[in-house]
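What follows is calculated from the coordinates using simple rules that are stated; it is not laboratory data. Nothing here was measured: the structure is a model prediction, and the numbers come from that model. Cβ coordinates were reconstructed from backbone atoms using ideal geometry, including for glycine residues, and neighbour counts include every protein chain displayed.
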Amino acid sequence: MIEGRGITKTFHTRGGMLASKTVTALRGVDFAIPRGGAVSFIGESGCGKTTLGRILAGLEPLEGGSLIIDNVDVSALKPKAREPYFRKIQLIHQDPYSALNPTRTIESTLRDPLRLRAAQTGRPESWVNEQTEHLLSLVGLNPGYVLPRYPHQLSGGMRQRVVIARALTVEPEVLVADEAVSMIDVSLRLGILALLRSLRETLGVSVLFITHDVATARYIGSDGELYVLYRGSVVERGAAETVLAGPVHPYTQCLLSAIPVLHGLEKPGPDRLVPNEPLDERKEPPGCLFEPRCPFATAACAQRPPQLGRLGDTIQDHACLYPATRHVVAVPAGHGH
Amino acid sequence: MTITMVKAPAVSISGLTVAYKTDAGELPAVSQVDLELAAGTITGLVGESGSGKSTLALSLLGAVQKPGRVTAGSVVVDGIGDMAKLAGEELRTVRGAKIGYVFQAAQNSLNPLKTVGKQLLDLGKAHKVRDLKGLLRHAKDLLDRMGLNADRVLDAYQHELSGGMRQRVGIMFALVLNAHVLVLDEPTTALDMITQANILQIVRDVHKEQGLTTLVVTHDVGVVAEVAHKIAVMYGGRIVEHGPVTQVLAEPRHPYTRGLIHAIPRLTGDISAAKALPGTPPTLGTIPKQGCVFRERCALRMEVCETVEPPAQRMLDGRTVACHAVKEGAA
């Protein structure tokens, strides 16, 4: 079980003389990833989802809040003492082309971390060979074909599978997949998503899935939870199927409304919603961060930030004073309205 | 402003083959392609990596780069002629003035050291535009119509504009010289969903208002579904299916189109109904030299597929499908 409480993160950029500015990436995010579970963070670029993944993987220092890995508050430990905890969380990022060393064969890419692992855990050398083949089979690759090859000799989908196999060499508890299929050919994406889903079942590994492509989040498991991030805050949170079928926060509704409709196969949802204006990151509204763009905002929304909760007896958590279920997602053509 | 009501031209691609020189000889990235872009329509050209879609789009601009070359066929644009035969000054004038092109990653294709306005004047001078004030007015008008503050944008440098704003600036540059053929290569890649929806709306509006013939090149079937009238599906350098978007999506006929549509993650429905296609898309070096290019991944593979390339057949509903297993009347 991995838990985050009140995670905050601010970036300071220096854009020339006097032009330094502060960007708030995360504004107190709480989350929990149960063992073997699936949690997805969705939102647009700049919403903080990638920063959150990097903090979890230990690639970005934690600033505020606490991170609890297997009942230990990692944020209270010295950096050196954190390492074994962060090893349990492995990051798979979007570009399998740059994630692998082009001068090394897949065999050496996998074998080196496994040798280290064998030395750490007192396993024999024979385990390294067995595990190399086992992991490749697990990710759906033919060891005989893949092992002697270099990354450039493999397709994007195969490379991403190698990246996943490498992440598994350290026996992680969580795979953080940040846009892990966005650079993969469309006809192969579902294969990678199905692999993540099956790894949850076979290894009990949990998946934190970070994406702007909302539909893909469903495919790592229908039991998954969905967190909708907007400008560093969670605005809606609940079972993925619940949030997608009946979102209650206007931002979630605008985001889902923007997803292309496959006309011919689908019809637009009846309540499709468009924000009043584009995002202006320079604005720091005192109340709800979405208020300037929200079609339903009232004076009360500009007063103070709404808290994540179940105001209005909704099934899912949300941070809106006026939650209302709207049907914004495309419906199959020939059915519904 | 110079308002000239030019009728949107039709584009007719026939027997087009574009090959690249490699160590293994000259290999075709686009092979024997016939494609009509009817005047005033938006066509979505969809394909995966290595399908040849970008090469095909570049041939519309007569811009296939070495080591590639057009080895056969023609790209005839109404009122211009065969783009594959134009060269030098003639070709340079036609680009921009008649055919506007918004490049892949247009977000990064502006000059970072010059304001948008300065780049506009450079474009005007390069095309020997006499009335630069008129050009400026036209640019402002286009930017206004796309919902931008024109004065602010013309004074801005690339880094001061968001991705969605840069994409609109790219469209302005493509149309400001009064081009009536517009080619957009991956117009929404790297944009957020809400920005993407906004840009697609702009493409539809601009297409209509300016009277264009538009080609949108993308890997994303959803983008085509949102903007295009017709869809052309490319695989291994061939157009395997071409027809009206809603009909093709509702009832794909080519096994690749069918597989591709089934492979799209969807927001509703049974997640186990969606399946990835087996195998991987071919690259330039692995496209089969004879027979059907899709057969390695095809569930309907027959003996004839090994040796005979399926010709594009015209169906009763007006679409074309290139598959031995598809017969008129069969679904």
³J(HN,Hα) across the range A:278-286 via Karplus (A = 6.51, B = -1.76, C = 1.60, θ = phi - 60°), whole Hz, x for Gly/Pro? x, 5, 10, 5, 6, 6, 10, x, x
Non-local residues with an amide H under 5 Å from the amide H of B:LEU45, with H modelled 1.01 Å from N and Pro and chain starts lacking one, are B:VAL216, B:VAL217, B:THR218, B:ALA232
What is the set of long-range amide H partners of A:GLY65 at a cut-off below 5 Å, with H atoms built 1.01 Å from backbone N? A:THR8
In whole Hz, the Karplus estimates of ³J(HN,Hα) for the range A:159-174 (6.51, -1.76, 1.60; θ = phi - 60°; x where Gly or Pro) are 4, 5, 5, 5, 4, 5, 4, 5, 4, 6, 4, 9, 6, x, 9, 10
Number of partner chain Cβ atoms within 10 Å, mean per residue of A:318-329: 0
Using Cα centres only, tell me the gap between the range B:212-235 and the range A:271-337 in whole Å. 31
How many percent of DSSP beta bridges within chain A run antiparallel, rounded to 5? 60
What's the magnitude of the charge dipole for chain A around its Cα centre, counting Lys and Arg as +1 and Asp and Glu as -1 at the beta-carbon? Answer in Debye, nearest 20. 600
Using Cα centres only, tell me the gap between the range A:129-173 and the range B:84-139 in whole Å. 47
Quick check: the distance between the Cα centres of the range B:151-186 and the range B:244-265, to the nearest angstrom? 32
Most mobile listed residue (A:PRO34, A:PRO323, A:PRO278) in chain A, GNM with C-alpha springs under 10 Å: A:PRO278
Taking Lys and Arg as +1 and Asp and Glu as -1, residues besides B:GLN167 with C-beta under 12 Å from its C-beta add up to -1
For B:ALA29, distant residues with modelled amide H under 5 Å away: B:VAL18, B:ALA19, B:TYR20
Highest GNM mean-square fluctuation, chain A, Cα pairs closer than 10 Å: which of A:HIS249, A:HIS212, A:HIS263? A:HIS263
